[in-house]
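J.: The structure that follows is given in the form of structure tokens.
Where a number appears in this text, it was derived from the coordinates with a stated rule and is not lab data. Just so it is clear, the structure is predicted and the values come from calculations on it, not from any experiment. Here Cβ is always computed from backbone atoms with ideal geometry, including for glycine, and neighbour counts include all displayed protein chains.
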Amino acid sequence: MISHLQVVTVYVRNLDQALDFYTQKLGFTLSEDWRDEHSDDRMLFLAPEGAKETLLGLYAPPAGDPRIGASTGIVFTANDIRTTYQELKAKGVPFTSELITLPYGKDGGDLEAQFVDPDGNTFLLHT
């Protein structure tokens, strides 16, 4: 049986710019900077603090790839979403929606906000 999700890939235009955003603004840690010894392929593997099994893989496909700047379907969570939201906004993370209370979830409603990376890839921050 499947035991866990290992890597989720996000497509970006520039790996070094993306690395700066994900480490400096989101607080992820670089786990591996992989390079194919036979080609120019490179992929960065990052993890949020405390993540042990699932990595975020950043990959720069050829220019014009339609997967860059798309909705990723990735949902991040935080122990204290209100504080995390304010901290990320203060670091310059661009949110496309404010933190809202949803009409469902635990304790009278989950909280959620949407943000984007420098390439326009969208993510949710959700309790």
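J.: For semi-axes √(5λ) of the Cα gyration tensor in Å, one of (1) 27, 17, 14; (2) 37, 23, 13; (3) 32, 32, 13 was computed from the structure I shared and the rest are decoys. Which label?
T.: Answer label, from the structure shown: (1).
J.: Equivalent ellipsoid semi-axes for the range 69-127, as square roots of 5 times the alpha carbon gyration tensor eigenvalues: give them largest first, rounded to whole Å. Could you put the intermediate results ahead of the total?
T.: On the way: eigenvalues 77, 37, 15 Å².
With the √(5λ) rule applied to the range 69-127, the semi-axes are 20, 14, 9 Å.
J.: If you wrap a convex hull around the Cα atoms of the range 37-102, how much volume per residue is inside, in Å³?
T.: 159 Å³
J.: In addition: Using the scaling law 2.2 N^0.38 Å as the reference, what is the normalised Cα Rg of the range 1-62? Please list the in-between numbers first.
T.: Numbers: Rg = 12.1 Å, N = 62, 2.2 N^0.38 = 10.6 Å.
Against the empirical 2.2 N^0.38 Å value, I get 1.15 for the range 1-62.
J.: Expected output is a single nm value to one decimal: the length gained when fully extending between Asp65 and Val7, i.e. 0.36 nm times separation in residues minus the C-alpha distance. What is it? Let's see the in-between values first.
T.: On the way: separation 58, 0.36 × 58 = 20.88 nm, distance 1.99 nm.
Net length gain for the segment: 18.9 nm.
J.: Kindly list the residues of the range 107-127 that lie in the label zone of Thr101, defined by a backbone N under 19 Å from the point 7 Å along the Cα-to-C-beta vector.
T.: Residues 107-114, 125-127 fall inside that zone.
J.: Say we join alpha carbon atoms closer than 10 Å with springs in a Gaussian network model of the chain; which of Ala60, Ala47, Ala78 then has the biggest fluctuation?
T.: Of the options given, Ala78 has the highest mean-square fluctuation.
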